[in-house]
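Report on the following structure.
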Amino acid sequence: MDFAFDARTEELRGELLAFMDEHVYPAEAVAEEQRAALASPWDTPPVVEELKAEARRRGLWNLFLTNQHGLPGEEYGAGLTNLRYAPLAEITGRSPQLAPTALNCAAPDTGNMELLAQFGTEEQRKRWLEPLLAGDIRSAFAMTEPEVASSDATNIGTRIERDGADYVITGRKWYISGAMSPACEIFIVMGKTDPEGADPRRQQSMILVPRDTPGLTVRRAMRVYGYEDHYHGGHAEVVLDGVRVPATHLIGEEGGGFAIAQARLGPGRIHHCMRLIGMAERAIELMCRRAVSRTAFGKPLGQQGVVQEWIADSRVAVEQLRLLVLKTAWLMDTVGNRGAHTEIQAIKIATPRTVAGILDKAVQLHGAGGVSQDFPLAELWAAARTLRLADGPDEVHQRSLARRELRRYA
């Protein structure tokens, strides 16, 4: 395994680091000021559109699309491998509210674009994938439901029933990321087309539902540790009451929803972990700046033994995580997502947990400032903690990983 950056990756890293310093970090405060003056908190601050235009001008656009997606890299993105994209995603994680969106590399759009690229028909790609790739619209992925334990996808209760040339969809979803954004024009909905099927993993299907379809109601925004995640379109409760769409909106085949979900979540998990490492790096930077600039009990915080321990342990943890994530990216490139199954689960278990711990130390070091809006730490911690639930809770990944280990000894 060779994790050295090639010339193209180094070039993109240099461009991205400059973009962050010159545009993204200065835009953080500007975006908050602009958002406070908007008619709706879900509208996009003008500075975000300016960032998108500048990122596109610099060639920092759709970097997440790897050469595994079957789309022309030069036309739709940089055509990178997962290993080459990893250090770039890490950089965007230092400003997770603005940088991924600026580069058109933000969830849930990335996963939805990958899904459409791999499983969508030519018509579906033309209608929905192309405007998503252009950054003209946003999207949502509707899977989680309040009435069932959605960590087990076989529990999903939403019905997708065939009626002549159409499908009729009925169900209730929540924590549907992106749905509050006025730019969200398409939902990918997971439900059951064959609830009595013999194989529990062949009962689910996925279908495209345009936002303006009668019967689809975005009811409310769900908060996450008190935050509403305005820049990524929030996390909504959505009701589908007899929603009717043409049968051509089905993605793949009936009963293929579970397999498609697994294909979508693999890359999404590694993207989250890459960005989390960037969040941890920013936390360490803020810790060090705080430690050398503040005095308590007669000496700088950085001379306090416990603070030195926090910083040292955080550095060791980040270096360990980065190596595991890079190994996972390399395996995904060389043996595919299935071959990297164990490592994908391992990083999903280890990274959010460890990064949340680093952020907690950074909050502690900042005292009251750490929980305030004057520093990004509290919001970063909320995001990291939430990722111990999103894309599968820790315990599901631990259960699956342990089973794979035990199978060798059975």
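The values are calculated or read from the model by the stated rules, or taken from the named source; none is laboratory data. Given the structure is predicted, the values throughout are model-derived calculations rather than measurements. In this analysis, Cβ positions are derived from the backbone assuming ideal geometry, glycine residues included, and neighbour counts consider all displayed protein chains.
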State whether one or more residues within segment 233-247 are outside the structural domain of Leu387 (by TED's automatic domain parsing), touching a residue at least 60 places away in the same chain (Cβ under 8 Å) and either in a helix (DSSP H, G or I) or polar (S, T, N, Q) (or both). yes
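Which of the residues belonging to segment 249-274 are part of a helix (DSSP H, G or I) and touching an Asp or Glu at 6+ places or on another chain (Cβ under 7 Å)?
Those that are part of a helix (DSSP H, G or I) and touching an Asp or Glu at 6+ places or on another chain (Cβ under 7 Å): Arg264, Leu265, Pro267, Gly268, Arg269, His272, Met274.
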Which condition from (1) basic (Lys, Arg); (2) surrounded by 20 or more Cβ atoms within 10 Å (Cβ to Cβ); (3) within 17 Å of the chain's Cα centre (by Cα) is the one that Lys361 breaks? (3)
Given the criteria part of a strand (DSSP E or B) and touching a helix residue (DSSP H, G or I) at 6+ places or on another chain (Cβ under 8 Å), does Ile160 qualify? no
Segment 390-410 residues that are within 10 Å of Gln345 (Cα to Cα), paired with ones that are assigned to a loop (DSSP other than H, G, I, E, B) (beta carbon under 6 Å, 6 or more apart): Asp394/Arg388; Val396/Ser151
Quick one: in segment 238-272, which of the residues that are surrounded by 18 or more Cβ atoms within 10 Å (Cβ to Cβ) and charged (D, E, K, R) is farthest from Ile186 (Cα to Cα)? Arg269
List the helices (runs of 4 or more DSSP H) that sit entirely inside segment 34-138 and contain at least 3 residues that are modelled with pLDDT of 95 or more and of a type in the set (D, E, K, R). 46-57
I'm trying to understand the selection: among the residues of segment 96-135, which are out of contact with any Pro (no Cβ under 8 Å at 6 or more places or on another chain), buried (at least 23 other Cβ atoms within 10 Å of the Cβ) and closer than 18 Å to Ala263 by Cα? Cys105, Pro108, Asp109, Asn112, Met113, Leu115, Leu116
Regarding Val168, is this residue of a type in the set (A, V, I, L, M, F, W, C), assigned to a loop (DSSP other than H, G, I, E, B), at pLDDT 95 or above and farther than 16 Å from Gly178 by Cβ? no
Looking at Leu323, Leu301, Leu276, which one is modelled with pLDDT of 95 or more, farther than 30 Å from Pro41 by Cβ, within 21 Å of the chain's Cα centre (by Cα) and not assigned by TED's automatic domain parsing to the domain that holds Tyr85? Leu323
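If you scan segment 191-216, which residues turn out to be over 17 Å from Glu147 (Cβ atoms) and either touching a residue at least 60 places away in the same chain (Cβ under 8 Å) or not in a loop (DSSP other than H, G, I, E, B) (or both)?
Answer for segment 191-216, where residues must be over 17 Å from Glu147 (Cβ atoms) and either touching a residue at least 60 places away in the same chain (Cβ under 8 Å) or not in a loop (DSSP other than H, G, I, E, B) (or both): Thr193, Asp194, Pro200, Arg201, Arg202, Ser205, Met206, Ile207, Leu208, Val209, Pro210, Leu216.
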Run Val148 past the list (1) over 15 Å from Ile207 (Cβ atoms); (2) over 21 Å from the mean Cα position of the chain (by Cα); (3) surrounded by fewer than 14 Cβ atoms within 10 Å (Cβ to Cβ) and report the number of the one that doesn't hold. (3)
